[in-house]
Amino acid sequence: MLIGKKEFDVKNKTYIMGILNVTPDSFSDGGKFNSMDRALSHVEQMIREGADIIDVGGESTRPGYTLISEDEEISRVVPVIEKIRKNFDTVISIDTYKSRVAEESAAAGADLINDIWGCRYDPRMAEIIAERGLACCLMHNRDVQKQPYENLMEDVCRDLQQSIDIALAAGVQPEKIITDPGIGFGKNLEENLYVMNHMEQLLNLGYPVLLGTSRKSMIGLTLNLPADQRAEGTLVTTVMGVMKGCSFVRVHDVLANKRAIDMTEAILGKGCNHGQNNN
């Protein structure tokens, strides 16, 4: 899979998407990186620690988040994307569900659109992705108050297929599509845990899968921990993601997750060949 200028071996490896929130109100790191110097320093650190993609977000999507205007979101993310593109040779993703933000971000240098509504919120989103030749991550999401689940995994896969169909109809290249089960979106704790345990079913759709669980409430509620103490829980989900065939994981703590991925891939025979060492 080609994203930007980088080729990803999505059948044999799991890659890291490092999270860069340039928001004042993100659930776990709000305000930490919403100055340019701190943002770029964090990007440098994540790349050094093993991030393959940098995912820039300008609007928090935590439960109860405050909706911001397109202009405000653009003013937050576009200068950061421009600076990342200028200073680093890395793949850049923009975390947005708004087509104008996606368009301006692509013009600034973004390679991938990470849409939490899978092209179903903004009717122009798929068109922008297609016109720009971008890659996209189509996440599962649902307003369960309007549309409750009947069969959870069947419904998740059916919803994702609708997003895929929208993208393909607009001209998005099939080889540019990634899917995401949407852990933490439109699901309660039990449903999130169930999707985690059965997410290999998404592979039947025929596209690479991205898993985004980092520090999320599924971990916090299960372990009764605040957002800044969910690293171990996140690592478990990352290991499970590798074992279930996910091609990407979206995380805050790059180094620890990189090590977990490398170890898991080595055990599964996906990593590099290593010499024997009985120590």
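How do the peptides 121-131, 141-151 rank, highest first, by the average count of neighbouring beta carbon atoms within 10 Å per residue? Don't skip to the answer; put the middle values down first.
Details: 121-131: 19.9, 141-151: 11.9.
Top of the packing list down: 121-131, 141-151.
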Assuming R0 = 51 Å, what is the FRET efficiency of Arg100 and Met263, from their Cβ-Cβ distance, to the nearest 0.05?
0.75
Structure-based [θ]222 nm, the chain - -39500 (n - 2.57) summed over DSSP H runs of at least 4, per residue, nearest 500:
-13000 deg cm²/dmol
Is the shape of region 74-231 rounded, prolate or oblate, going by the alpha carbon gyration tensor and its root eigenvalues a ≥ b ≥ c, with a/c under 1.5 for rounded and a/b larger than b/c for prolate?
oblate
Note the count of lysine pairs whose C-alpha atoms are less than 28 angstrom apart in region 124-279, limited to pairs 8 or more residues apart or on different chains.
16
Taking only the Cα atoms of the chain, how large is their convex hull per residue, in Å³?
132
Charged-residue dipole, Cβ positions (Lys, Arg, Asp, Glu), region 141-208 about Cα centre, Debye nearest 20:
160
Compute the separation of the alpha-carbon centres of region 218-252 and region 75-152 and state it in Å as a whole number.
23
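Taken together, the values in this text are just the output of simple stated rules run on the coordinates, not laboratory data. Keep in mind that what you see is a predicted model, and the values were worked out from it rather than measured. Glycine also receives a Cβ, built like all others from the backbone with ideal geometry; neighbour counts cover every protein chain displayed.
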